[in-house]
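Chemist: This is the structure, below, for whatever I ask next.
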Amino acid sequence: MLFSEFPMASGTLANRIVMAPMTRSRTTQPGDVPNDLMANYYQQRASAGLIIAEGTPISAVARGYSLTPGIYSQQHIEGWKKTTTAVHKQGGKIFLQLWHVGRRSHTDIAGQQPVAPSAIKQPDQVYGPLADGSFGMVETSIPRAMTNEDIEQTTADFVQAARNAIEAGFDGVELHGAHGYLLDQFMRFVSNQRQDEYGGSQQNRLRFPLEVINAVNDAIGADKVAIRLSPLVGEGFKEVDSDIIEVTELLLKQLAPMKLAYVHFSENIGDYTEATDSFRQKIRDIYPNPIMVAGKLTQQSAQALLEKGYVDLVAFGTPYVTNPDLVQRFKQNMALTEFDADARLTLYGGDAEGYTDYAAHT
């Protein structure tokens, strides 16, 4: 099933293997503009059924990592056109992940105090500027609680970013609602202790994510919209949120009639709980539309998930760093180039080294 086609409204995918979104911090400065090097990187990996391009901030305050590409200026749109054109020339499909990090940022990255559902900081580090002018991991700043005007503006920013992505040639967008970023922060009580209509009950904590999803659906069509969730992952949170599974199930019940492009579950990273068969079956029962899973999958485990009917698409992250021809390697049962310590050193920032210089099998 890995290599079978999969129909989507934005076009049939050549296979069910997806390149997961991964921050690589290779933009042109100033302006965080997507460039030719990035276009080459994605073009090399265009045999994936679908590429989800790296997390892309929807505004300046949405930023949490330096050197990441934006999608809120005409320069960004023109820069991204290089990537979408390159991928489409290879017959590939590509979505853009729309990103707002919320409190997982620093004032020197966002250009202002980071925003969050509530003014709650937890120990956390992000990739940002250092005192010597280089880049490295820095402790996040204390966030301020978003006002209702902030919430309205952020929803509008998501909508404009989605429109910009379509103008840039993307086949759709994925909203980043995982990994302790802004939408995830609103869904969890440990980060959302608001006393207004956006906090408290499970439905209230879903209000903002649902407003964003509905607004983006209205702007570009639900068939071009997806969302990433991580209810089994505690990244960005010091405490376990006791009802995040229930909140996720409630969200999925409300997403099901929308017929989004897919729902993407990120698993098996950081502080995580392993997904059980009963969890997967319940999610499938609640949500009959396309489901994608990412998280340390192998070819064998991915195939098993497809065969059991739990998922429709399987996403791979780090294997795509070192294996641009991952689909071909899977087809031929070839050994993969390992993602090792050297590969980890060149994940963020830099040039072609460790980015576009991994050889495809010939």
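The values are calculated or read from the model by the stated rules, or taken from the named source; none is laboratory data. All of these numbers come straight from a predicted model, not from anything done at the bench. Cβ: placed from backbone, ideal geometry, glycine included. Neighbour counts: every protein chain shown.
Chemist: Quick check: anything in segment 108-122 surrounded by 24 or more Cβ atoms within 10 Å (Cβ to Cβ) and under 18 Å from the mean Cα position of the chain (by Cα)?
Modeler: No, segment 108-122 contains no residue that is surrounded by 24 or more Cβ atoms within 10 Å (Cβ to Cβ) and under 18 Å from the mean Cα position of the chain (by Cα).
Chemist: Another question, if that's okay. What do you reckon, is Ser266 within 16 Å of the chain's Cα centre (by Cα) and either surrounded by fewer than 21 Cβ atoms within 10 Å (Cβ to Cβ) or not aromatic (Phe, Trp, Tyr) (or both)?
Modeler: Taking the combined requirement at face value, the residue satisfies it.
Chemist: If the requirement is being more than 30 Å from Ala360 (Cβ to Cβ), surrounded by fewer than 16 Cβ atoms within 10 Å (Cβ to Cβ), modelled with pLDDT under 95 and not polar (S, T, N, Q), which of these qualifies: Lys253, Lys282, Lys238, Lys308?
Modeler: Lys238
The rows are residues; the columns are (1) closer than 18 Å to Gly349 by Cα; (2) in contact with an Asp or Glu (Cβ under 9 Å, 6 or more places away or on another chain).
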| residue | (1), (2) |
| --- | --- |
| Gln44 | no, yes |
| Tyr72 | no, yes |
| Asp108 | yes, no |
| Gln113 | no, no |
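Chemist: What number of residues within segment 311-355 satisfy the criterion of being surrounded by 18 or more Cβ atoms within 10 Å (Cβ to Cβ) and of a type in the set (Ser, Thr, Tyr)?
Modeler: Result for segment 311-355: 4.
Chemist: Go through segment 298-344 and give me each residue that's of a type in the set (A, V, I, L, M) and more than 19 Å from Ser266 (Cβ to Cβ).
Modeler: Val327, Met334, Ala335, Leu336, Ala341, Ala343, listed by residue number.
Chemist: Of all residues in segment 125-155, which are more than 26 Å from Leu210 (Cβ to Cβ) and either buried (at least 16 other Cβ atoms within 10 Å of the Cβ) or in contact (Cβ under 8 Å) with a residue 40 or more places away in the chain (or both)?
Modeler: Scanning segment 125-155 gives Val126, Tyr127, Gly128, Pro129, Phe135, Val138, Thr140, Ser141.
For every residue, the table says whether it meets (1) more than 30 Å from Thr83 (Cα to Cα); (2) in contact with a Leu (Cβ under 7 Å, 6 or more places away or on another chain); (3) of a type in the set (Phe, Trp, Tyr).
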{"site": "Tyr127", "(1), (2), (3)": "no, no, yes"}
{"site": "Glu139", "(1), (2), (3)": "yes, no, no"}
{"site": "Ile142", "(1), (2), (3)": "yes, no, no"}
{"site": "Ala145", "(1), (2), (3)": "yes, no, no"}
{"site": "His179", "(1), (2), (3)": "no, no, no"}
{"site": "Arg188", "(1), (2), (3)": "yes, no, no"}
{"site": "Gln195", "(1), (2), (3)": "yes, no, no"}
{"site": "Gly200", "(1), (2), (3)": "yes, no, no"}
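Chemist: Does segment 15-32 hold any residues that are under 27 Å from Ile269 (Cβ atoms) and not in a strand (DSSP E or B), and which are they?
Modeler: Passing the criteria: Asn15, Arg16, Ala20, Pro21, Met22, Thr23, Arg24, Ser25, Arg26, Thr27, Asp32.
Chemist: Right, Arg188: among the charged types (D, E, K, R), at negative phi, surrounded by 15 or more Cβ atoms within 10 Å (Cβ to Cβ) and in contact with an Asp or Glu (Cβ under 7 Å, 6 or more places away or on another chain) or not?
Modeler: Answer is yes for this residue.
Chemist: For the list (1) surrounded by fewer than 21 Cβ atoms within 10 Å (Cβ to Cβ); (2) among the hydrophobic types (A, V, I, L, M, F, W, C); (3) without any contact (Cβ under 8 Å) to a residue 60 or more places away in the chain, I need the number of the one condition that Ala9 fails.
Modeler: Every listed condition holds for Ala9 apart from (3).
Chemist: Within segment 187-203, restricting attention to residues that are farther than 14 Å from Ile120 by Cα and hydroxyl-bearing (Ser, Thr, Tyr), which residue is farthest from the chain's Cα centre (by Cα)?
Modeler: Looking at residues that are farther than 14 Å from Ile120 by Cα and hydroxyl-bearing (Ser, Thr, Tyr), I get Ser201.
Chemist: (1) touching a strand residue (DSSP E or B) at 6+ places or on another chain (Cβ under 7 Å); (2) without any contact (Cβ under 8 Å) to a residue 40 or more places away in the chain; (3) closer than 27 Å to Val126 by Cβ: which one isn't true of Tyr287, the others all being true?
Modeler: Among (1) touching a strand residue (DSSP E or B) at 6+ places or on another chain (Cβ under 7 Å); (2) without any contact (Cβ under 8 Å) to a residue 40 or more places away in the chain; (3) closer than 27 Å to Val126 by Cβ, the lone unmet condition for Tyr287 is (3).
Chemist: Moving to a separate point now. Among (1) more than 26 Å from Lys224 (Cβ to Cβ); (2) touching a strand residue (DSSP E or B) at 6+ places or on another chain (Cβ under 9 Å), where does Val293 come up short?
Modeler: Only one criterion is unmet by Val293, namely (1).
Chemist: Hey, another quick one. Residue by residue through segment 162-197, note down the ones that are among the hydroxyl-bearing types (Ser, Thr, Tyr) and either part of a strand (DSSP E or B) or touching a Pro at 6+ places or on another chain (Cβ under 7 Å) (or both).
Modeler: Hit for segment 162-197 is Ser191, nothing else.
Chemist: Taking the condition touching a residue at least 40 places away in the same chain (Cβ under 8 Å), touching a strand residue (DSSP E or B) at 6+ places or on another chain (Cβ under 6 Å), surrounded by 17 or more Cβ atoms within 10 Å (Cβ to Cβ) and not charged (D, E, K, R), does Leu183 pass?
Modeler: When the stated conditions are applied, Leu183 does not pass them.
Chemist: Still on this structure, I have one more. Can you pull out the strands (runs of 3 or more DSSP E) entirely within segment 217-332 that have at least 1 residues that are within 25 Å of Ser191 (Cβ to Cβ) and hydroxyl-bearing (Ser, Thr, Tyr)?
Modeler: Hits in segment 217-332: 262-266.
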